[in-house]
Amino acid sequence: MDKVLKEKIIKDEVYAIIPARSGSRGVKNKNIRCLKGYPLLAYAIAASKLCGEVSRVIVSTDSEYYARIAAYYGAEIPFLRPAEISGDRSTDIEFMEHAIKWLYDNEGKLPEFFLHMRPTYPLRDPQVVAEAVRRMKADESATSLRSAHLASNTPYKWFNMREDGYFKTIRDDITLDDANNPRQAFPDVYIPDGYADMLRTSHIIDKDLVHGDKMIGFVVEDGVDVDAVKDMEFLEYYISDHESRLYDWLSENYKPLEEAGIA
């Protein structure tokens with residue numbers, strides 16, 4: 001990206017950005033699928049607002065219908081994302097660079113950080129999100145922050161298949177017998193999830209990369225990132241028996257989607 005964009009970065013400013021394209025193969029219309037009456041998109045908006053660390057909550061979507069839903073639940077939709085960067089194979093760098101360029105061209109200012117909040121992780125604690133923001137702001141050398149949880153199984157014990165049909169370990173320095181050692185014999189491994197990511201605008205402009213090579217590891221508890229219908233079924237069951245500050249806030253301030261009259 002053109003380096004001149006960096007001249008309009010406002011220090012310490014944080015915008016939440018929520019990607020919500022309309023296409024989804026695993027779960028149809030996943031980003032607006034309802035959990036206890038409220039779309040997943042609304043939970044991401046609520047978590048962004050309640051964390052207390054962002055000045056704006058922006059939704060990047062290609063759908064006018066999704067945009068109306070996002071606006072009803074309190075987000076800004078200053079632009080619609082072009083269809084050519086909203087497909088199954090579209091990348092994070094594409095929608096981030098589109099947002100940065102649009103904000104520069106149309107508003108003449110950019111935040112120092114973006115809080116990247118995926119709609120598919122609805123049961124967040126806003127205070128944990130706030131801590132992610134503070135961690136990133138406190139580390140001037142970090143190019144990004146990404147949330148992840150400890151893996152219960154280690155990939156060091158896994159195999160690839162050789163062309164001759166024999167197994168081989170996934171790392172050359174681990175023998176087949178080493179792979180049979182207890183899990184505790186191997187380093188901890190973390191699985192990235194959708195809880196909360198922080199992105200540095202200047203790094204995206206400089207390198208055309210989202211995360212870079214100095215990514216803060218922000219460890220959170222394992223949760224549910226919606227990827228299949230069974231994930232939604234579990235969340236419906238779970239939220240019925242557990243408190244959710246996000247659900248409480250939504251139900252206190254907004255109507256469920258079916259009652260909101262959004263056409």
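Determine the calculated [θ] at 222 nm for the chain from helices alone, applying -39500 (n - 2.57) to every DSSP H run no shorter than 4 residues and normalising by the residue count; nearest 500 deg cm²/dmol. List each step's numbers first, then the result.
On the way: 7 runs with 78 residues, N = 263.
Using -39500 (n - 2.57) per qualifying helix, the result is -9000 deg cm²/dmol.
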Place a point 7 Å from Cα of Asp178 in the direction of its Cβ. Which residues in region 138-158 have their backbone N less than 13 Å from it? 156-158
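Given axes a ≥ b ≥ c from the Cα gyration tensor, I'd like to know whether region 9-51 is rounded (a/c under 1.5), prolate (a/b larger than b/c) or oblate.
Values: a/c = 5.24, a/b = 1.81, b/c = 2.90.
Oblate is the answer for region 9-51, as a/c is 1.5 or above yet b/c matches or exceeds a/b.
Within region 87-185, which GluC sites (Glu not before Pro) sit in a loop by DSSP and count at most 16 neighbouring Cβ atoms inside 10 Å?
Passing sites in region 87-185 are Glu140, Glu163.
How high is the FRET efficiency from Asn153 to Ser251, r the C-beta distance, R0 25 Å, rounded to 0.05?
On the way: r = 37 Å, r/R0 = 1.49.
With R0 = 25 Å, the Cβ-Cβ based efficiency is 0.10.
Could you compute Rg(Cα) / (2.2 N^0.38 Å) for region 85-158, with N its residue count? List each step's numbers first, then the result.
Working: Rg = 16.1 Å, N = 74, 2.2 N^0.38 = 11.3 Å.
The reported ratio for this selection is 1.42.
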For region 61-117, which trypsin sites (Lys or Arg not before Pro) are both in a DSSP coil and crowded by at most 16 other Cβ atoms within 10 Å? Arg89, Lys109
Please work out the FRET efficiency for the pair Val128 and Lys101, using the Cβ-Cβ distance as r and a Förster radius of 30 Å; give the result to the nearest 0.05. 0.45
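What does the extension gain come out to for Lys168 and Lys8, with contour length at 0.36 nm per residue minus their alpha carbon separation?
On the way: separation 160, 0.36 × 160 = 57.60 nm, distance 5.15 nm.
Value of the extension gain: 52.5 nm.
Considering only the chain, what is the antiparallel percent among its DSSP beta bridges, to the nearest 5?
On the way: 15 of 32 bridges.
Once the DSSP bridges in the chain are tallied, antiparallel ones form about 45 percent.
Need one number: % antiparallel among DSSP beta bridges in region 79-233, to the nearest 5.
DSSP beta bridges in region 79-233 are roughly 70 percent antiparallel.
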Taking only the C-alpha atoms, wrap a convex hull around the chain and report its volume per residue in Å³ as a whole number. 167
Positive end of the charge dipole of the chain (Lys, Arg +1 and Asp, Glu -1 on Cβ, about the Cα centre): tell me which of Met136, Phe167, Tyr238 has its Cα farthest that way. Met136
On each of the three principal axes of the Cα atoms of region 90-132, give max minus min coordinate, whole Å, ordered largest first. 34, 24, 13
With just the Cα atoms defining each centre, how far is region 71-100 from region 164-225? Give it in Å. 26
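On average over all directions, what projected area in square nanometres does region 98-211 have, based on the convex hull of its Cα atoms? Present the calculation step by step, with values, prior to reporting the outcome.
Numbers: hull surface 44.7 nm².
Result: a mean projected hull area of 11.2 nm².
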Rounded Å value of the spacing that divides the Cα centres of region 1-51 and region 242-263: 17
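Which of the peptides 151-159, 43-51 is most tightly packed, and how do the rest follow, going by the mean number of other Cβ atoms within 10 Å of each residue? Present the calculation step by step, with values, prior to reporting the outcome.
Numbers: 151-159: 13.2, 43-51: 25.8.
Top of the packing list down: 43-51, 151-159.
Only the coordinates and a few stated rules stand behind these numbers; no lab work does. Keep in mind it's a predicted model, so treat the numbers as computed, not measured. Don't worry about glycine lacking a Cβ; one is built from the backbone with ideal geometry, like all the others, and counts go over all protein chains shown.
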